[in-house]
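The values are calculated or read from the model by the stated rules, or taken from the named source; none is laboratory data. Note that the coordinates shown come from a computational prediction; the quantities given were computed from them, not determined experimentally. Don't worry about glycine lacking a Cβ; one is built from the backbone with ideal geometry, like all the others, and counts go over all protein chains shown. Quick note on the areas: whole protein, heavy atoms, side chains included, nothing else; ligands and nucleic acids left out. Shrake-Rupley method; radii C 1.70, N 1.55, O 1.52, S 1.80 Å.
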Amino acid sequence: MFGCLVAGRLVQTAAQQVAEDKFVFDLPDYENINHVVVFMLGTVPFPEGMGGSVYFSYPDSNGVPVWQLLGFVSNGKPSAIFKISGLKSGEGSQHPFGAMNILRTPSVAQIGISVELLGSLAQQTPVGNAAVSSVDSFTQFTQKMLDNFYNFASSFAVSQAQMTPNPSEMFIPANVVLKWYESFQRRLAQNPLFWKT
């Protein structure tokens with residue numbers, strides 16, 4: 001039903017089911033993890049009106065698990081990226097995993113998913129610094145791609161005096177590329193999905 005991904009590691013798709021509505025993934029060597037992606041596999045949707053709250057748990061200095069709410073996934077939001085690198089020194093929050101005897105070792109953190117009503121998920125407040133950038137990844141990618149293209153094309157710029165005539169090659173003035181670049185950036189800022197129309 002769920003998957004968990006950490007950069008540079010294999011995808012985990014076999015969550016340990018610790019209760020009928022609760023699942024956990026182990027995160028060994030959690031001190032070296034910055035972000036974690038939690039996603040639905042697409043094989044089993046949540047029941048109508050349900051979603052999954054996502055928690056991060058790490059052992060404190062006494063080995064006691066500290067649970068922190070990261071956010072949620074649902075049928076309408078089947079994946080989420082969470083920053084966990086700054087959470088280890090924070091304080092725990094209320095969580096649904098307290099009474100369970102979940103097997104763990106001292107150097108292993110866990111991601112917990114609790115199936116709950118969507119109404120209650122919307123009222124929960126995740127840890128402040130778990131959210132990843134508010135700019136969606138498509139907009140970030142597009143901006144980086146524009147910058148890269150403009151820098152790449154500009155690196156080949158030559159003056160007319162430096163050009164060697166070659167009748168089989170076409171040349172595009174650099175100011176045309178710059179105009180396109182600025183126009184695309186402006187349109188992207190106004191509506192990131194303008195290209196769909």
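So here's what we get for this one:
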read-out	value
Scope region 39-83; condition polar (S, T, N, Q), under 16 Å from residue 6 (Cα atoms) and open to solvent by less than 30 Å² (accessible area, probe 1.4 Å); matching residues	57
Residue within region 146-156 that is assigned to a loop (DSSP other than H, G, I, E, B), at pLDDT below 75 and on the phi < 0 side of the Ramachandran plot present	no
Strands (runs of 3 or more DSSP E) wholly inside region 7-96 containing at least 3 residues that are touching a helix residue (DSSP H, G or I) at 6+ places or on another chain (Cβ under 7 Å)	50-59, 65-74
Candidate set: region 101-123, residues that are under 21 Å from residue 19 (Cα atoms) and of a type in the set (S, T, N, Q); chosen: the one modelled with the highest pLDDT	114
Residues that are in contact (Cβ under 8 Å) with a residue 24 or more places away in the chain and surrounded by fewer than 17 Cβ atoms within 10 Å (Cβ to Cβ), drawn from region 1-38	1, 7, 13, 16, 19, 21, 28, 29, 31, 34, 35, 37
Breaking point among (1) in contact with a helix residue (DSSP H, G or I) (Cβ under 8 Å, 6 or more places away or on another chain); (2) part of a strand (DSSP E or B), for residue 4	(1)
Options 86, 128, 98, 92; residue that is surrounded by 15 or more Cβ atoms within 10 Å (Cβ to Cβ), at pLDDT below 80 and more than 22 Å from residue 3 (Cβ to Cβ)	92
In region 45-67, residue nearest to residue 124 (Cα to Cα) [restricted to those that are more than 15 Å from the chain's Cα centre (by Cα), modelled with pLDDT of 90 or more and of a type outside the set (Asp, Glu)]	53
